[in-house]
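S.K.: Attaching a single structure in structure tokens format; questions to follow.
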Amino acid sequence: MAAPGISFGTDGWRGIVADDFTYANVRVVSQAVAQYLAGRPREGRVVVGHDTRYCGELFAREVARVLAANARPVLLLDRPCPTQAAAWMVVARGALGGVVVTASHNPPEFNGLKYKPDYGGSASPEIVSALEEEVGRVLVSDAVRQMPIDEAIQQGLVELADPRPEYGAQIGRLVDLAAIRRAGLRILHDAMYGAGAGYIADLAGGGASEVAELHCERNPGFGGLHPEPIPPNVDEAMARLRGGGFDLGIANDGDADRVGIFDGEGAFVDQLEVATMLLWHLCENRGWRGPVVRSITTTGRLDILGRHYGCEVEELPVGFKYLGPRMRERDAILGAEESGGFAFRGHIPERDGILSGLMFAEMVALTGRPLVQLRREVAELVGPHAYARRDHHFPREDYPQVRERMSHRMKSQPLERVGALKVARVRSDDGYKYWLEDGSWVLVRMSGTEPLMRVYCESSSRERVQELLDAFEGELGVVGDHGA
């Protein structure tokens, strides 16, 4: 019988390969998906994809052969691809849903499964709950159906497909690729050894513009890097950009649903500023108007822009399992989260790091102005901005106790000040966020996908951010190494 304790976090189920994430447990979750889909009102295929992580294609085959054994036909993607490309195939092919083998931006020892409903976005909390109930039933019954993959292919229960043509056509409907290609841009794309390799070059290159690639070979260990597109993981890309000759840098995480952006001088554009720039582009250069949804960890500068352009901005808990469904309900023009995930009207309600990067290329191409200048213009519009995040890692076995202690601490001893600043208001439905009297905010949140605590701050200057983070961590009793 498979080990108990399989649960879905912020986006899917993730675990350590060969410890939690095993063939046996992958088959358990796949059987649970099959049972969940058995209750759906229509027939259809299930898309199964994977990224470049260790044995991704083999784990994907395990998913496919369990689904096939349950008489659920599968469209098995024949190469590593971005999570959003697999999700788009769900929509493009009218599939019932999709399963993607990926641990997104987690360290290389992790792998995971994301479930995508028929609309191509993250599973809603209701769907996640239903899947977890089915996992529990499978663990109790220890009844997993499976059949040889070759037999499934021969019987037509598993069909192989290349996701690139249909995903590329969709991106071409969303971004002015012709304008990008004729603009004569020099773009650096750091794929971080992940599933986005080749996508920016294929979509943006081929005309007067050129795309240079970095870390585009497959490496399941990610070359020793943590495949999250933030410093210091992208220091090599930043150094190359500082050498000159580029207009824009784009980095993507392991499954390419998140983005990191650099200007032509090699400066990293933090994710909160990226969100601000994207909303400015949609409203100013494209003339879009409509609701915006953002996570609690994302910038209040979106609210300022929202008021400027007449777009209502709504703050939600972290995760596209909340943002995606709300985007669909409200036909939002943008969904934004601090971790570099952005979604756009007219596409799947899901993060798309490839599309986000190309939006920046379009921004520079359509305005004819360098990103350095555009950043200054938007900063003048929304006011001074600085942001930082510190990550505190814990041993996996200690994490549940750490999480419980932190929750007890915040509930039993409510903060009234952070440093010299009074707390103006608090939100506690997803971590603990404190807005301060000067308009700054700090937040502490325990990760739902790996054993770490994140501490965030947004304020008016880098110095102010560091001061507030130090004061906040002092109140939390946090000590030890962290990454910013």
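The values are calculated or read from the model by the stated rules, or taken from the named source; none is laboratory data. None of the values given here were measured: they were computed from a predicted structure. Positions of Cβ are generated from backbone atoms using ideal geometry, with glycine treated the same way; all protein chains shown enter the neighbour counts.
S.K.: So, GLY324, is that one closer than 20 Å to ASP118 by Cα, crowded, with 22+ Cβ neighbours inside 10 Å, touching a residue at least 24 places away in the same chain (Cβ under 8 Å) and not charged (D, E, K, R) or not?
M.R.: Yes; evaluated as a whole, the condition is true for this residue.
S.K.: Here is a check on your reading of the model: is VAL418 crowded, with 17+ Cβ neighbours inside 10 Å and either over 25 Å from the mean Cα position of the chain (by Cα) or of a type in the set (Gly, Ala, Ser) (or both)?
M.R.: Considered against the rule, which asks whether it is crowded, with 17+ Cβ neighbours inside 10 Å and either over 25 Å from the mean Cα position of the chain (by Cα) or of a type in the set (Gly, Ala, Ser) (or both), VAL418 comes out as yes.
S.K.: Going by what's in this entry, would ILE250 be described as within 13 Å of GLY196 (Cβ to Cβ) and either outside any loop (DSSP other than H, G, I, E, B) or among the hydrophobic types (A, V, I, L, M, F, W, C) (or both)?
M.R.: yes
S.K.: For GLU273, state whether it is of a type in the set (Asp, Glu), free of Cβ contacts under 8 Å to residues at least 60 places away in the same chain and surrounded by fewer than 21 Cβ atoms within 10 Å (Cβ to Cβ).
M.R.: Spelling it out, it is not the case that GLU273 is of a type in the set (Asp, Glu), free of Cβ contacts under 8 Å to residues at least 60 places away in the same chain and surrounded by fewer than 21 Cβ atoms within 10 Å (Cβ to Cβ).
S.K.: Would you call ALA420 under 23 Å from PRO384 (Cα atoms) and either of a type in the set (D, E, K, R) or touching a strand residue (DSSP E or B) at 6+ places or on another chain (Cβ under 6 Å) (or both)?
M.R.: Considered against the rule, which asks whether it is under 23 Å from PRO384 (Cα atoms) and either of a type in the set (D, E, K, R) or touching a strand residue (DSSP E or B) at 6+ places or on another chain (Cβ under 6 Å) (or both), ALA420 comes out as no.
S.K.: If you check every pair at least six apart or on different chains, which have Cβ atoms under 7 Å apart with a residue in the stretch 385-402 that is touching a residue at least 60 places away in the same chain (Cβ under 8 Å) and farther than 25 Å from ILE304 by Cβ first and a residue that is part of a loop (DSSP other than H, G, I, E, B) and of a type in the set (D, E, K, R) second?
M.R.: none
S.K.: Then there is this: Looking at the stretch 200-215 only, could you name the residues that are hydrophobic (A, V, I, L, M, F, W, C) and in contact (Cβ under 8 Å) with a residue 24 or more places away in the chain?
M.R.: ILE200, LEU203, ALA204, ALA208, VAL211, ALA212, LEU214
S.K.: Run GLU57 past the list (1) assigned to a loop (DSSP other than H, G, I, E, B); (2) surrounded by fewer than 24 Cβ atoms within 10 Å (Cβ to Cβ); (3) under 22 Å from the mean Cα position of the chain (by Cα) and report the number of the one that doesn't hold.
M.R.: (1)
S.K.: Between a residue in the stretch 79-106 that is at negative phi and of a type in the set (D, E, K, R) and any residue that is surrounded by fewer than 24 Cβ atoms within 10 Å (Cβ to Cβ) and in a helix (DSSP H, G or I), which pairs come within a Cβ distance under 9 Å, given they are 6 or more apart or on different chains?
M.R.: Filtered contacts from the stretch 79-106: ARG79/GLU57; ARG79/ARG164; ARG93/GLU166.
S.K.: Is one or more of the residues making up the stretch 179-188 of a type outside the set (Ser, Thr, Tyr), assigned to a helix (DSSP H, G or I), buried (at least 19 other Cβ atoms within 10 Å of the Cβ) and assigned by TED's automatic domain parsing to the domain that holds MET89?
M.R.: no
S.K.: I would also like to ask the following. Can you tell me how many residues within the stretch 221-240 are within 24 Å of the chain's Cα centre (by Cα) and buried (at least 17 other Cβ atoms within 10 Å of the Cβ)?
M.R.: Adding up the residues that qualify gives 11.
S.K.: For the stretch 106-122, give me each residue that is among the aromatic types (Phe, Trp, Tyr) and either in a loop (DSSP other than H, G, I, E, B) or more than 15 Å from LEU37 (Cβ to Cβ) (or both).
M.R.: Residues satisfying the conditions are PHE110, TYR119.
S.K.: Looking at the stretch 364-415, which of the residues that are more than 27 Å from the chain's Cα centre (by Cα) and closer than 19 Å to GLU265 by Cβ is surrounded by the most Cβ atoms within 10 Å (Cβ to Cβ)?
M.R.: That would be THR367.
S.K.: Could you please find all residues in the stretch 420-440 being out of contact with any Lys or Arg (no Cβ under 6 Å at 6 or more places or on another chain) and not in a loop (DSSP other than H, G, I, E, B)?
M.R.: Once the filter is applied, which keeps residues that are out of contact with any Lys or Arg (no Cβ under 6 Å at 6 or more places or on another chain) and not in a loop (DSSP other than H, G, I, E, B), the stretch 420-440 yields LEU421, LYS422, VAL423, ALA424, ARG425, VAL426, TYR432, TYR434, LEU436.
S.K.: Further question: Of the conditions (1) charged (D, E, K, R); (2) within 25 Å of the chain's Cα centre (by Cα); (3) exposed (fewer than 15 other Cβ atoms within 10 Å of the Cβ), GLU450 clears all except one; give me its number.
M.R.: Of the numbered conditions (1) charged (D, E, K, R); (2) within 25 Å of the chain's Cα centre (by Cα); (3) exposed (fewer than 15 other Cβ atoms within 10 Å of the Cβ), the odd one out for GLU450 is (3).
S.K.: Looking at (1) part of a helix (DSSP H, G or I); (2) surrounded by 16 or more Cβ atoms within 10 Å (Cβ to Cβ); (3) at positive phi, which is the one condition that is false for ILE153?
M.R.: It is condition (3) that ILE153 fails.
S.K.: Residue check: is ALA64 under 22 Å from VAL138 (Cα atoms), assigned to a helix (DSSP H, G or I) and among the small types (Gly, Ala, Ser)?
M.R.: Judged against the criteria, ALA64 is a match.
S.K.: Quick check, is GLY306 in a helix (DSSP H, G or I), among the small types (Gly, Ala, Ser) and touching a His at 6+ places or on another chain (Cβ under 7 Å)?
M.R.: Against the criterion (in a helix (DSSP H, G or I), among the small types (Gly, Ala, Ser) and touching a His at 6+ places or on another chain (Cβ under 7 Å)), GLY306 does not qualify.
S.K.: Another question, if that's okay. Somewhere in the stretch 127-143, is a residue closer than 28 Å to ALA251 by Cβ, out of contact with any Leu (no Cβ under 6 Å at 6 or more places or on another chain) and modelled with pLDDT of 95 or more?
M.R.: No, the conditions are met nowhere in the stretch 127-143.
S.K.: Yes or no: ALA336 more than 30 Å from GLU166 (Cα to Cα) and buried (at least 17 other Cβ atoms within 10 Å of the Cβ)?
M.R.: Answer is no for this residue.
S.K.: Right, something else. Being over 23 Å from TYR322 (Cα atoms) and either touching a Lys or Arg at 6+ places or on another chain (Cβ under 7 Å) or buried (at least 23 other Cβ atoms within 10 Å of the Cβ) (or both) is the filter here; which residues of the stretch 1-27 pass it?
M.R.: Selection gives PHE21, VAL26.
S.K.: Also: Inspect the stretch 168-177 for any residue being part of a strand (DSSP E or B) and in contact with a strand residue (DSSP E or B) (Cβ under 9 Å, 6 or more places away or on another chain) and give the result as yes or no.
M.R.: No, the stretch 168-177 contains no residue that is part of a strand (DSSP E or B) and in contact with a strand residue (DSSP E or B) (Cβ under 9 Å, 6 or more places away or on another chain).
S.K.: In the stretch 427-453, how many are among the hydroxyl-bearing types (Ser, Thr, Tyr) and either in contact (Cβ under 8 Å) with a residue 40 or more places away in the chain or within 30 Å of ASP20 (Cβ to Cβ) (or both)?
M.R.: 4
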